[in-house]
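This report refers to the structure that appears directly beneath it.
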Amino acid sequence: MPVNVIIGAQWGDEGKGRYTDLLAEQAVGVARYSGGDNAGHTITIGSEIFKLHLLPSGVVQPGKLAVLGNGMVINPAHLLEEIDRLTARGVDLSPTRLKISHAAHLITPVHIALDRAYETARGEGKIGTTLRGIGPAYTDKIARRGLRVEYLLDTASLADRIKTHVDAGNELLTKLFSMEPLDAQRIANEYHEHAQRLHPHITDTSLLLTRHLRQGDLILAEGAQGTLLDIDFGTYPFVTSSAPTTGGVLTGLGISHQYLDRIIGVTKAFQTRVGAGPFPTEAEEAVAARLRGTGANPWDEYGTTTGRPRRCGWLDLVLLRYAVRINGLTELALTKLDVLAGIPELALCVAYAADGQTFDELPLGPANLEPFTAVYETVPGWDEDVTGVRRWQDLPENARRYVDRIGELTGVPVTLISVGPEREQVIRRYA
Ligand code: IMP
């Protein structure tokens, strides 16, 4: 069966991009199914570092189809910048390769202004969004007043649609938030220009993907964000506005469930989170700083999209088991095992405690984490540098024990383990 899915099993930033890039080798194409340029995927190939926000991570592999699915919200100005940046580095992003769903939604300057306005209004209770206009764009989609990518194909009506949209946004911006109105004509002109360039890429990507799947081609579905940021299953309201989970693959690409095969959950060997919200295994600053890194390396724990330092802590297996259940994960792909080297004792959160009771499942899901404290099991660490290891049997014994324990406690095998940022710094466990 020909769809392999890569899903974030935590709060995003798990390192999905590197596995998408790796697994894209076997696929004819890579399709993103949710989110927008709130995502930030970093791929390291030799001395080259590619930072992607909208394009699927598979684009760096020559000849692969790159699809932006209908479940996405797309800022056309940012997409064109990304296309130009990668094209200048020799990546082919011609319309035969890069396909954009006609049914995806457009992000506009109105959405970005509203994202900022709502965040400011929330004050202390702010979500800590990426301020990319994601929430307001999905709000318009669900309220049935959004701007679909296919509207770019009808240039005769585009200006009117944009003006109606900007006028409605200006009502909110000026009356609710006392902000300056945005210039509808200027935005209409900009979107007219974007339409000229994006026009040849727009198609029914559901049909395109299904044709490939019917002939047995392998497609990689690339998730953005992570399970705990899912609008339904995440730490609501500290979530994004889309479905990064397996359900989102079907609705975000318009493909049948019968094609799903491997569902690979990507998790760091520890836990991180950007933005506000509960985080039961958040470590004290000395440990967190050790896990985060100084920021000197591109792989240190600072946001690709916002540059914000990430909150860091111990791996939470209660939440990881939850991600296995919600997504039907068939396997786990671990990242950043190398970062744990040199920590004498590692903690794994195996359960939660509240009111003298212990829980190994979340009674009311991750939106209700506040009452709980983490129950840890400790395992001995290792000192050896593992960045050069490529075979499972060459890992230090304690590193193998740590990984095995993750498999035991989640009930799914850990099949891939990364030990550094380079494409080949991966241990394929059952290969
Ligand atoms: P939004 O998606 O910009 O609305 O942000 C909502 C929440 O999701 C915030 O806590 C963001 O920090 C978080 N978020 C969105 N995209 C990502 C991502 O790609 N990685 C990690 N966190 C993200």
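Suppose the filter is open to solvent by 30 Å² or more (accessible area, probe 1.4 Å), modelled with pLDDT of 95 or more and more than 22 Å from the chain's Cα centre (by Cα); does T387 pass it? Yes: the conditions hold for T387. Considering region 127-153, the residues that are within 22 Å of N189 (Cα to Cα) and open to solvent by 70 Å² or more (accessible area, probe 1.4 Å) include one that is farthest from the ligand (Cβ to nearest atom), namely L153. The single condition among (1) within 14 Å of the ligand (Cβ to nearest atom); (2) farther than 22 Å from P56 by Cα that G226 does not satisfy is (2). Of all residues in region 314-326, those that are within 16 Å of the ligand (Cβ to nearest atom) and surrounded by fewer than 22 Cβ atoms within 10 Å (Cβ to Cβ) total 0. Of all residue pairs spaced 6 or more apart or on separate chains, those with beta-carbon atoms under 8 Å, a first member in region 16-40 that is farther than 21 Å from E422 by Cβ and a second member that is near the ligand (Cβ under 10 Å from one of its atoms) and basic (K, R) are G36/R132; D37/R132; N38/R132.
Taken over region 170-188, residues that are surrounded by 16 or more Cβ atoms within 10 Å (Cβ to Cβ) and either under 13 Å from L114 (Cβ atoms) or out of contact with any Asp or Glu (no Cβ under 7 Å at 6 or more places or on another chain) (or both) amount to 7. Can you name every residue in region 33-50 that is open to solvent by 10 Å² or more (accessible area, probe 1.4 Å) and out of contact with any Asp or Glu (no Cβ under 9 Å at 6 or more places or on another chain)? N38, T42, S47, E48, I49, listed by residue number.
You will find that of E190, E171, E124, the residue that is away from the ligand (no atom under 14 Å from the Cβ), at pLDDT below 95 and in a helix (DSSP H, G or I) is E124 and no other. Contact map, region 132-156: first residue among the polar types (S, T, N, Q), second residue away from the ligand (no atom under 16 Å from the Cβ), Cβ cut-off under 8 Å, separation 6 or more or different chains; pairs are T155/H192; T155/A195. Selection within region 269-296: residues that are free of Cβ contacts under 8 Å to residues at least 24 places away in the same chain and assigned to a loop (DSSP other than H, G, I, E, B). The member of this set that is nearest to the ligand (Cβ to nearest atom) is G295.
The values are calculated or read from the model by the stated rules, or taken from the named source; none is laboratory data. Small disclaimer: the values here were computed from a predicted structure and weren't measured. Cβ: placed from backbone, ideal geometry, glycine included. Neighbour counts: every protein chain shown. Side chains included, ligands, DNA and RNA excluded: accessible areas come from the protein's heavy atoms. Shrake-Rupley method; radii C 1.70, N 1.55, O 1.52, S 1.80 Å.
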